[in-house]
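The values are calculated or read from the model by the stated rules, or taken from the named source; none is laboratory data. Computed from a predicted model, the values in this text were never measured in an experiment. Note that we place each Cβ from the backbone using ideal geometry, even for glycine, and neighbour counts take in every protein chain shown.
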Amino acid sequence: MLAPCTLRTGGRLSGTFATIAPASLRPSAGVLSYDGLMTNAHIPSAQAGSAAVEPPELELDVVIEVPRGSFLKRGSIGRIDFVSPFPCPFNYGSVPNYLGLEGDLLDALVLGPRLPVGTRIRVKAWGAVTQTDRGMVDDKLVCCTHPPTPAQKAFVLRFFGFYAKCKGLLNLLRGRPGRNGCDGWCSAAQAMARARPRQQSWKGSAVKY
């Protein structure tokens, strides 16, 4: 849950990941902008965002692996997976009690102020981004103390659209086939329905990143 900027999409990578930022990557109002980089991802409309006044779908614990603004991508077991050329635009981590479809801890990002590595926070999940990494579904819960605005949702989707392109290039260089992409926004309930409880015997993902 990794750049990180969270540069992580289902991945726990080793080594240094370097790429060249496109011209459309620029700072705006204190946050990074990834304009024009969506691939098959639905950006919620303002009307859809109005539903955010409803109660969150669930509340859960998230452990922070990558603080907002960090260049270091840490995996769910604490190992540094790679160094990102970009700072992570949000806090990134995982839900310690659930596994995603790719076999690693269920990813979660936390909007808001920077949180230190290792912080365990009880937070509300308002939805999720569905990412595909090498053909594997890798849901990422979107958490915050308050409903995310339509602009925040759109930014998160643009970021993961950009990340999918970077991750696809890295996978190609490493000889790891499979589709990479950002498939849009879904409910937190949908993401949790695809997850499974973590067993005590779990020692890490069997998938190599």
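Here are some notes:
- Filter pass, Leu141 being within 18 Å of Cys88 (Cβ to Cβ) and either part of a strand (DSSP E or B) or among the acidic types (Asp, Glu) (or both): yes
- Residues in segment 84-118 that are modelled with pLDDT of 95 or more and of a type in the set (Val, Ile, Thr) were compared, and the one that is farthest from Ala195 (Cα to Cα) is Val110.
- Number of the condition not met by Arg114 [criteria: (1) over 30 Å from Ser201 (Cα atoms); (2) part of a helix (DSSP H, G or I)]: (2)
- Flag if Phe71 is touching a strand residue (DSSP E or B) at 6+ places or on another chain (Cβ under 9 Å), surrounded by 15 or more Cβ atoms within 10 Å (Cβ to Cβ) and either farther than 30 Å from Ser201 by Cα or at pLDDT 70 or above (or both): yes
- Any chance Asp139 is among the acidic types (Asp, Glu), over 12 Å from the mean Cα position of the chain (by Cα) and surrounded by 14 or more Cβ atoms within 10 Å (Cβ to Cβ): no
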